[in-house]
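So the structure is just underneath, and the comments pick up after that.
What follows is calculated from the coordinates using simple rules that are stated; it is not laboratory data. Here the structure is a predicted model, which means the values were calculated and not measured. Heads up, the Cβs are rebuilt from the backbone with ideal geometry, glycines too, and the neighbour counts pull from every protein chain shown.
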Amino acid sequence: MSSNPEKLLIIGSGPAGFTAAVYAARANLSPLLIEGFQAGGIPGGQLMITGVVENFPGFPAGIDGPELMSNMRLQAEKFGTRLVTDDADGVDLSQRPFAVSTVNGDKFTADALIIATGAAASRLPLDSEKRLWGRGVSACAVCDGALPVFRGKELAVIGGGDTAIEEAVHLTQFASKVYLIHRRDELRAGAIMRERAASHPKIEILWNKVVDEFLGENRLSGLKLRDTVTEAMSELTVAGAFEAIGHKPNVGFLNGQLKLDGQDYIVTTPGTSKTSVEGVFAAGDVCDPHYRQAVTAAASGCRAALEAQRWLN
């Protein structure tokens, strides 16, 4: 453990964490950033497993997700951010300076913390899903649905909540048809969203169905479905499948020391990045159950760094 506490320690290395680091470093806070290693996904967040990103401002031709994150990482380092490639596995927020420990046994203390550990999309535990991930299988219709490979094609959304219906409706702008695949005979979404799905001419709901296999060699060509009532098997030809079965915020290492909502997202004071513990700020998907976009995560990282700087001053 260092004898002197860090002014600011950032946990997480997606768009939120790196943007916070850029702003904090330029404010001469010399931030230390624990970028992760394996827990909650690879360093760089979900963009590291995303193909072409077409909706991040400043890249009219699009940019590969890993390249975008590499650029953000280099920019943070350029201004003096120090990086630790490890997973935070515990924090002590009961006293100041705050204490942070890592899987490799390193210990740090800091006057202020920014938590930007993101949320991992829940995924189906199928070997075929892993093989075709990014090759027609995705967890973000808003991110990927407008890609040329999906335009004018039949697509599928897997899930039955509000997010699944929002994604299905979004995809109707580009697809010839959207199948909404739900394992029960009633959607979990709210009444307005259920009506929106049922009445949309391009959406067909397939009730009591689960995906047993994603079909295709180098690219998705269809789905093998199992009926949850009759156990009958069927195949559905689609060019893309979007999983909308929830997200899990990466908050396990906090051990309940910050206030969370009913879905385990960190609760922040409305309009700010302030958490339930003074001096601890949150940014990005770890506190955002609604948007989950790279640009909104980056914006919240900026806000967290500015608020941390003012608090430290």
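Side notes on the structure shown:
- Counted over the stretch 123-243 with a bin width of 10 Å, the fraction of Cα pairs per bin, in whole percents, is 15, 49, 33, 3.
- Under 11 Å from the His290 label point (7 Å along Cα→beta-carbon), backbone N, the stretch 173-208: none
- In units of the compact-protein estimate 2.2 N^0.38 Å, the stretch 247-313 shows a Cα radius of gyration of 1.06.
- Segment Thr228..Ala61, full-extension length gain: 55.8 nm, with 0.36 nm per residue of separation and the alpha-carbon distance subtracted.
- Radius of gyration, Dmax [the stretch 76-182; alpha carbons; angstrom]: 20.5, 57
- Sparse-neighbourhood loop sites, GluC sites (Glu not before Pro) in the stretch 1-96 - DSSP loop, at most 15 other Cβ within 10 angstrom: Glu54
- Loop GluC sites (Glu not before Pro), the stretch 160-194, which have at most 15 other Cβ atoms in a 10 Å radius of their Cβ (DSSP): Glu186
- Packing-based ranking, highest mean first, of 25-33, 229-237 given that Cβ atoms within 10 Å are counted: 25-33, 229-237
- Taking the stretch 32-138 and dividing mean pair separation by its residue count, relative contact order in percent (alpha carbons under 8 Å, at least six apart): 25 percent
- Inter-centroid distance (Cα atoms) of the stretch 199-244 relative to the stretch 259-273, Å: 35 Å
- Annotation: cysteines of the chain without a disulfide-compatible partner (Cβ-Cβ under 4.7 angstrom) are Cys287, Cys302.
- Here the 3J(HN,Hα) profile of the stretch 87-95, calculated from phi with Karplus coefficients 6.51, -1.76 and 1.60 at θ = phi - 60°, is 9, 6, 10, x, 9, 10, 9, 7, 8 Hz, Gly and Pro shown as x.
- Viscosity 1.306 mPa s, 10 °C: Kirkwood-radius Stokes-Einstein D of the stretch 166-313 over Cα pairs, µm²/s: 86 µm²/s
- Dipole axis of the chain (+1 Lys, Arg; -1 Asp, Glu on Cβ), positive-most option in Gly62, Gln263, His182: Gly62
- Label assignment, volume of the Cα convex hull per residue in Å³ derived from the structure, set [x] 181; [y] 160; [z] 137: [z]
- Residues with amide H under 5 Å from that of Trp207, placed H, sequence gap 5 or more: none
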